[in-house]
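Presented below is the structure to which this report refers.
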Amino acid sequence: MNIPESVLIGYFPKKIALRDDWLKNPVVEDIYSVSECISKGPDNWIDMWKHNITWWLFDTPEAGVEVLGANYADFIMLAYKLFPVQFDGGKLQSLDVVSAAKDDLNDFEFLGYDIVSRSAEIAEVRFEHSPLSCNNGCEKIPVNKHCLINDLETAWTTAELISAESKNGLWEPGPYCLVEVYRRRN
């Protein structure tokens with residue numbers, strides 16, 4: 001399998017949700033999904049316009065911290081690296097990944113891979129749904145305690161499968177991206 005190298009696309013602070021009873025996989029302890037459906041970003045972060053409009057993320061961790069204000073202790077800073085492809089209807093398409101994010105992940109630890117929908121390649125389209133958590137895909141797909149996939153090859157083939165099945169209404173509409181998720185230490 002020839003998998004291209006991922007590219008750092010930005011940082012985002014999140015209030016990480018713990019697993020609730022509706023999520024059926026007992027392995028899952030918390031939700032580190034890329035989407036904001038379950039683990040939310042700060043209130044009104046968009047209105048502050050500190051983010052980039054390509055990926056709707058922050059180019060530095062410091063820019064993400066600026067939007068938090070007094071709520072800093074409630075959030076964890078995440079970093080995302082995107083593979084330059086998208087999965088659409090089971091087909092792989094090239095994705096032009098342009099980023100101004102600073103590539104220094106020394107203070108971050110890798111947590112796993114997430115599959116997340118994004119409707120278009122144009123600006124002003126944020127990441128939407130993570131089927132592993134949003135659609136309870138973790139019930140069928142092996143995930144770690146953060147509701148992410150540990151292994152790159154498994155994540156890749158799962159992204160292909162989910163994108164193919166989304167055409168039949170089994171998941172949210174795609175296309176889908178594959179993202180590495182990192183958490184800032186301390």
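The values are calculated or read from the model by the stated rules, or taken from the named source; none is laboratory data. Because the structure is a prediction, the values reported are computed rather than measured. Glycine gets a Cβ as well: all are built from the backbone with ideal geometry, and neighbour counts include every protein chain shown.
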Quickly run through segment 40-94 and pick out the residues that are within 18 Å of ILE16 (Cα to Cα), in contact (Cβ under 8 Å) with a residue 60 or more places away in the chain and not hydroxyl-bearing (Ser, Thr, Tyr). PRO61, PHE75, ILE76, MET77, LEU78, ALA79
Only residues in segment 129-141 that are without any contact (Cβ under 8 Å) to a residue 24 or more places away in the chain count as the first member; pair them with residues that are in a helix (DSSP H, G or I) and hydroxyl-bearing (Ser, Thr, Tyr), Cβ under 8 angstrom, at least 6 apart or cross-chain, and list the lot. ILE141/THR158
Just one of (1) among the acidic types (Asp, Glu); (2) more than 16 Å from the chain's Cα centre (by Cα); (3) modelled with pLDDT under 90 trips up GLU36, so point out which. (2)
Take the residues in segment 28-40 that are part of a loop (DSSP other than H, G, I, E, B) and touching a strand residue (DSSP E or B) at 6+ places or on another chain (Cβ under 6 Å); name whichever of them is surrounded by the most Cβ atoms within 10 Å (Cβ to Cβ). VAL34
Among the residues of segment 130-144, which ones are at pLDDT below 90 and either β-branched (Val, Ile, Thr) or under 14 Å from the mean Cα position of the chain (by Cα) (or both)? CYS134
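Condition check: among the aliphatic types (A, V, I, L, M) and assigned to a loop (DSSP other than H, G, I, E, B). Does ALA101 satisfy that? Working first, answer last.
Working: among the aliphatic types (A, V, I, L, M): yes; assigned to a loop (DSSP other than H, G, I, E, B): yes.
Judged against the criteria, ALA101 is a match.
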